[in-house]
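Engineer: After the structure tokens below, expect a handful of questions from me.
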Amino acid sequence: MTRYLLKRLFWMVPLLVGISLISFLIMHLAPGDITTTEAGFNPKASEESRQKLRKLYHLDEPLLTQYGYWLQRMGTLDFGTSFATHQRPVFWEKKDEHGNEQKGLIQDALPITLLINVLSLGLIVIVALPLGVISALHQNGPPDRAITIFVFVGFAVPGFWLALMLMYWLGVAHDWLPISGLHSLDYEKMGVLAQIVDSAKHLAIPVFISALGGLAGISLFVKNGMLDVLHQDYITTARAKGLPENTVVYRHALRNAMLPLITLLGLSIPGLIGGSVIAESLFAIPGMGKLFYDAVMMRDFPVIMGILTIGAALTLIGNLLADIAYAWADPRVRRGVGG
Amino acid sequence: MKYALANPLARWGAFIIGSILLLAFLAPIIAPFDPDAIDVKAILLAPSSVHWMGTDGLGRDVFSRMLFGARISLLVGFVAVGIATAIGIVLGAIAGFYRGWVNVVIMRLVDVMLSIPTFFLILAVIAFLTPSIWNIMIVIGLTSWMGVTRLVRAEFLSLREREFVLSAQTLGAKNLRLIFRHLLPNSLTPIIVSFVLGVASAVLIESGLSFLGLGVQPPQASWGNILTDGKEYIQFAWWLSLFPGLAILLTVLGYNLLGEGLRDALDPRTAKIKS
């Protein structure tokens with residue numbers, strides 16, 4: 001197991017180098033250098049912020065030196081300070097020149113996005129597993145057909161549009177759910193239980209929207225996995241020795257069909273993080289997506305580069321966790337035989 | 001093709017996509033109004049026999065804008081996925097044919113690209129450039145070639161070991177001839193399937209970007225930016241939000257049905273697993 005883990009960790013090194021190269025490339029995509037880009041959204045980009053940008057990324061030095069500095073920034077997770085007037089550090093809390101402790105932008109936003117992602121992953125697993133199993137057990141029956149239609153529509157529906165419709169229907173027309181922010185104004189005065197209910201109400205639509213694509217995909221995946229497994233010899237053996245059907249389905253078949261699901265959930269992390277942009281800006285939820293969108297609109301380059309790198313790092317960590325979980329769940333991988 | 005259309009999924013998909021293509025192609029003839037003509041006397045009119053899908057906040061006819069928006073969606077989808085497919089074929093073919101260290105480098109590049117959240121990557125690039133329809137097509141293309149690369153590589157790796165390729169090689173066929181006459185034509189089916197499915201996701205990405213104001217720029221109509229207007233008027237003009245959303249849903253559904261149907265019909269291997 002330890003050897004397996006070390007091998008996985010070792011493979012992350014070239015990926016990190018690649019990520020640093022790609023992000024460096026993006027910085028130099030703009031014709032000229034980024035300080036001369038016509039800042040379409042912010043014509044007031046001042047000479048001062050241009051100077052700051054030059055200094056931050058050492059734009060006056062040779063390319064190779066610049067890349068060295070960029071590597072150093074990535075290595076120390078120091079992405080500078082935001083261009084916005086508050087000038088907060090991009091990643092983590094730091095003391096400013098007056099000695100005041102300032103919290104990092106990503107530090108504040110990350111837990112919120114992680115919470116939404118964990119909740120939607122949970123929702124995906126809770127709903128998609130039974131759907132997939134039912135679909136596989138009643139192949140081509142009415143439940144299977146209904147679920148297939150759900151899968152195709154779930155893949156096709158634009159999340160931001162559905163969010164807009166739900167926002168209008170549940171929030172504006174009926175006033176059942178709040179439509180913006182994380183908490184109500186009087187959140188601080190509520191009891192613990194009321195606080196949980198309040199947060200749940202605020203998060204209900206955003207979590208559902210971010211889970212939707214995954215719901216469709218994972219149901220289909222579980223269904224195909226179950227169909228695959230159900231036709232294998234050991235299932236026939238299990239049935240032949242007279243095990244109850246439920247034991248065969250849930251203990252023998254589902255366990256094996258679920259294995260690839262671990263990897264798939266790990267792989268779906270970048271989509272979930274990236275997909276948070278539209279949902280979070282629509283519902284004014286102060287997570288990574290909204291932070292990133294605001295940074296893009298204001299051409300706040302340090303924040304853009306910081307989130308891009310942290311987002312990639314999170315994906316790598318997610319994949320690593322998925323690999324570990326897989327090795328833990330599958331003795332073949334754990335003991336290094338076959339598979 | 002006839003064989004493929006015997007599949008009900010593919011038939012429905014082809015019907016939906018065919019209709020939308022036709023409407024988009026004939027937009028200048030069908031559209032009852034100039035899509036950009038502002039009419040201050042007809043602001044936010046509900047759907048009627050004159051304005052089938054109502055009018056927007058500037059009095060423009062939504063039906064006409066939807067028709068021209070369809071052109072944008074389809075254009076962006078095809079060009080972006082065309083770029084991605086071209087890159088994917090070249091890289092995948094090189095990796096799968098020559099193997100060795102080139103293969104390792106290309107596959108690591110794929111891993112790197114896959115580890116950066118795509119939507120973040122697209123937004124970041126657009127932040128450094130200016131949002132325009134051409135930049136969007138290029139950016140979507142440059143950030144979505146990884147799937148095709150993996151696919152073509154896998155096809156090439158397995159095809160290279162097959163007898164007909166080995167015999168052609170023994171008869172003295174040059175590498176380029178092997179690639180273009182033997183390997184590529186035999187990998188065409190999965191490439192077509194992934195192209196069709198790719199267009200579906202490109203349409204979704206474009207509409208999302210336009211919705212955020214970072215895609216197709218007004219006054220040029222796109223389904224995404226009609227929806228952005230719809231958001232402002234959602235309390236009293238439901239038609240501005242409903243129709244573009246349904247159009248996107250139907251288009252993406254059409255491509256997905258066509259893609260899955262083609263896969264089932266043309267690729268006996270996956271068809272076997274599914275049934």
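The values are calculated or read from the model by the stated rules, or taken from the named source; none is laboratory data. Since we're looking at a predicted model, the values are computed, not measured. Counting neighbours? That spans all protein chains shown, and the Cβs are built from the backbone with ideal geometry, glycine included.
Engineer: Can B:Met113 be described as assigned to a helix (DSSP H, G or I) and either within 14 Å of chain A (Cβ to nearest Cβ) or of a type outside the set (Asp, Glu) (or both)?
Structural biologist: Numbers: assigned to a helix (DSSP H, G or I): yes; either within 14 Å of chain A (Cβ to nearest Cβ) or of a type outside the set (Asp, Glu) (or both): yes.
Here the answer is yes, as B:Met113 does meet what is asked.
Engineer: Just checking, which of A:Gly40, A:Gly32 is surrounded by fewer than 11 Cβ atoms within 10 Å (Cβ to Cβ), modelled with pLDDT under 70 and part of a loop (DSSP other than H, G, I, E, B)?
Structural biologist: From the options A:Gly40, A:Gly32, the qualifying one is A:Gly32.
Engineer: Of A:Val229, A:Val207, A:Val277, which residue is buried (at least 19 other Cβ atoms within 10 Å of the Cβ), in contact (Cβ under 8 Å) with a residue 60 or more places away in the chain and out of contact with any Asp or Glu (no Cβ under 6 Å at 6 or more places or on another chain)?
Structural biologist: A:Val207
Engineer: Which members of region B:51-92 meet the condition of being out of contact with any Phe, Trp or Tyr (no Cβ under 7 Å at 6 or more places or on another chain) and among the aromatic types (Phe, Trp, Tyr)?
Structural biologist: Of everything in region B:51-92, those that are out of contact with any Phe, Trp or Tyr (no Cβ under 7 Å at 6 or more places or on another chain) and among the aromatic types (Phe, Trp, Tyr) turn out to be B:Phe68, B:Phe78.
Engineer: In region A:220-252, how many are away from chain B (no Cβ under 14 Å) and either assigned to a helix (DSSP H, G or I) or within 35 Å of the chain's Cα centre (by Cα) (or both)?
Structural biologist: We begin by selecting, within region A:220-252, every residue away from chain B (no Cβ under 14 Å); these are A:233-252.
Filter again for either assigned to a helix (DSSP H, G or I) or within 35 Å of the chain's Cα centre (by Cα) (or both), leaving A:233-240, A:245-252.
Summing the residues that are away from chain B (no Cβ under 14 Å) and either assigned to a helix (DSSP H, G or I) or within 35 Å of the chain's Cα centre (by Cα) (or both) in region A:220-252 gives 16.
Engineer: Here's a follow-up. Which of the following residues is part of a helix (DSSP H, G or I), farther than 30 Å from A:Ser184 by Cβ and within 11 Å of chain B (Cβ to nearest Cβ): A:Met258, A:Met305, A:Met297? Explain how you work it out, then say what you get.
Structural biologist: Numbers: A:Met258 fails: within 11 Å of chain B (Cβ to nearest Cβ); A:Met297 fails: farther than 30 Å from A:Ser184 by Cβ.
Within the list A:Met258, A:Met305, A:Met297, the selection yields A:Met305.
Engineer: So which helices (runs of 4 or more DSSP H) stay within region B:179-275 end to end and still have 3 or more residues that are facing chain A (nearest Cβ under 9 Å)? Before the answer, list the steps.
Structural biologist: Details: elements: B:188-211, B:223-232, B:238-266, B:268-274.
Correct list: B:188-211, B:223-232, B:238-266.
Engineer: Does region A:115-134 include one or more residues that are surrounded by 14 or more Cβ atoms within 10 Å (Cβ to Cβ) and not in a helix (DSSP H, G or I)?
Structural biologist: For region A:115-134, residues surrounded by 14 or more Cβ atoms within 10 Å (Cβ to Cβ) and not in a helix (DSSP H, G or I): absent.
Engineer: Within region A:163-196, take every residue that is within 26 Å of the chain's Cα centre (by Cα) and exposed (fewer than 13 other Cβ atoms within 10 Å of the Cβ) and give me the one that is nearest to B:Gly208 (Cα to Cα).
Structural biologist: That would be A:Ser180.
Engineer: Considering B:Gly69, B:Gly88, which residue is part of a helix (DSSP H, G or I), at pLDDT 90 or above and surrounded by 17 or more Cβ atoms within 10 Å (Cβ to Cβ)?
Structural biologist: Details: B:Gly69 fails: at pLDDT 90 or above.
Unique residue meeting the criteria: B:Gly88.
Engineer: Looking only at residues that are of a type outside the set (A, V, I, L, M, F, W, C) and more than 8 Å from every other protein chain (Cβ to nearest Cβ) in region A:280-294, which one is surrounded by the most Cβ atoms within 10 Å (Cβ to Cβ)?
Structural biologist: In this case the residue turns out to be A:Gly289.
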